[in-house]
Amino acid sequence: MCRVLAYIGPEIPLESLLLKPENSLINQSLDPERHPLLQLAGWGFGVWSEHLLKPDEPLLYRRPMAAFYDDNAERIIPSLQTSTMLAHVRAASYNAGTVLADENCHPFAYKGTPWIMAQNGALPSWTLLQRELLAHCKDEYLEQMRGTTDTEFLYVLLLSLLEGDSDDDVQRGFEKLLQVLLEAMKTLDLVALTKLKIALVAPGRIIGVNFGAGHHGETEVTGDWRELRTSEAGSDDHALSMLWEPMYVLTGRNFLDYEGTYELDADGDEPTSAIFASEPLTEDADAWLHVEFGEIVFLEKTAEGLTKTVRSLATD
């Protein structure tokens with residue numbers, strides 16, 4: 001499975017997020033779930049920092065190789081700091097159609113928008129679905145598309161559907177995204193399980209989404225993902241387990257007091273940092289907020305501190 005990790009909070013060394021923790025994003029790629037069926041197809045990160053010459057623009061780094069083989073990582077990362085970060089490890093099926101290239105590594109960042117995006121998900125038959133979906137896409141984003149992945153196309157489609165950058169605007173954009181996807185699938189008779197576990201990040205903001213549709217296009221689904229995960233890899237039930245699995249949020253303070261881990265001091269009344277991830281990254285998994293299937297979480301760093309809001313997504 002792909003891995004997503006996002007951070008907002010005080011300016012900290014980037015290596016404390018990507019290199020030093022024992023279960024860092026790079027180290028996780030040494031033992032990915034379903035390893036026999038997947039190849040490590042690249043990784044990347046986008047960061048904002050007040051210490052960059054262009055602090056209002058994300059510094060983007062992407063390479064089409066397993067992160068632990070990237071000899072540039074330990075040279076570049078220790079020189080960077082960040083107050084907002086989105087990182088991703090890409091896993092892809094072993095087949096001749098998988099293109100390994102910088103352009104296909106997450107996160108994706110375009111001109112004309114504050115948002116960068118990565119996901120741990122999949123939109124099946126997306127190349128055929130374009131016949132219906134291109135009508136919703138704006139030229140200013142289509143002309144920036146360089147890769148051949150479903151995630152980049154979803155990024156183009158979402159940006160095209162956004163009417164603004166407020167939390168309400170973004171929630172409506174995601175709800176419209178799923179609506180037009182399902183309409184296109186039904187029109188072209190291509191209904192299939194669609195897993196959209198997305199991190200949308202801008203300076204001081206993380207918006208995490210966990211939604212999609214089941215094998216028959218159903219958006220109201222229930223089940224115990226842990227039980228289903230014991231099913232044979234590649235089975236319908238195993239795929240459902242990954243659809244229903246939560247995303248995770250940890251908020252708190254004093255991240256740098258716990259070198260080599262993703263620990264934070266408990267929230268209290270004034271959290272200052274937030275981590276959004278594909279899985280809980282500390283031994284105390286109960287400390288993590290579960291973003292359940294059908295939910296969207298809004299995390300924002302403000303002058304008063306950190307805000308956290310979880311809402312249900314409308315899927316009708």
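The values are calculated or read from the model by the stated rules, or taken from the named source; none is laboratory data. Everything quoted here is computed from the prediction, not taken from an experiment. Glycine gets a Cβ as well: all are built from the backbone with ideal geometry, and neighbour counts include every protein chain shown. Just the protein is used for accessible areas: all its heavy atoms, side chains included, with ligands, DNA and RNA removed. Shrake-Rupley method; radii C 1.70, N 1.55, O 1.52, S 1.80 Å.
In a reduced charge model with +1 at each Lys and Arg Cβ and -1 at each Asp and Glu Cβ, the chain shows a dipole moment near 960 debye about its Cα centre. Here's the picture: charge each Lys and Arg Cβ at +1 and each Asp and Glu Cβ at -1 in the range 162-272, and of Gly212, Val201, Asn254 the one pushed furthest to the positive end of that dipole is Gly212.
Here the range 154-212 is treated with +1 on each Lys and Arg Cβ and -1 on each Asp and Glu Cβ, and its dipole about the Cα centre works out to around 260 debye. Within the range 80-208, the percentage of alpha carbon pairs spaced more than 24 angstrom apart rounds to 26%. Taking all protein chains as present, what is the carbon and sulfur share of the accessible area of the chain, in % to the nearest whole number, probe 1.4 Å? It is 46 percent, rounded to a whole number.
Taking the average, over residues, of other Cβ atoms within 10 Å as the packing measure, peptides 3-12, 181-190 rank 3-12, 181-190 from highest down.
The GNM of the chain, with springs linking C-alpha atoms under 10 angstrom apart, assigns the highest mean-square fluctuation among Met247, Met85, Met65 to Met65. Checking the Cα-Cα distances for Lys176/Lys197; Lys138/Lys197; Lys111/Lys138; Lys111/Lys301 against a 18 Å cut-off, the pairs over it are Lys138/Lys197; Lys111/Lys301. In summary, the convex hull built on the alpha carbon positions of the range 210-287 has an orientation-averaged projected area of 6.8 nm². Of all complete DSSP H helices in the chain, those with a Cα span along the helix axis of 15 Å or greater and a mean Kyte-Doolittle hydropathy of 0.5 or more are 150-161. The shape of the chain comes out rounded: with a ≥ b ≥ c from the C-alpha gyration tensor, a/c is under 1.5. Charge dipole of the range 125-165 (Cα centre as origin; +1 on each Lys and Arg Cβ, -1 on each Asp and Glu Cβ, all else neutral): 180 debye, rounded to the nearest 20. Counting alpha carbon pairs within less than 8 Å and at least 6 residues apart, what relative contact order, in whole percent, applies to the chain? It comes to 19 percent, rounded to a whole number. Per residue, the solvent-accessible area of the chain (1.4 Å probe, heavy atoms of protein chains only, all protein chains present) comes to 44 Å². Measuring with a 1.4 angstrom probe and ignoring ligands and nucleic acids, Glu295 comes out at about 40 Å² accessible. For the range 210-316, averaging the sequence separation of C-alpha pairs within contact (under 8 Å, six or more residues apart) and dividing by the residue count gives a relative contact order of 24 percent. Annotation for the range 155-206 versus the range 213-228: alpha-carbon center distance of 19 Å.
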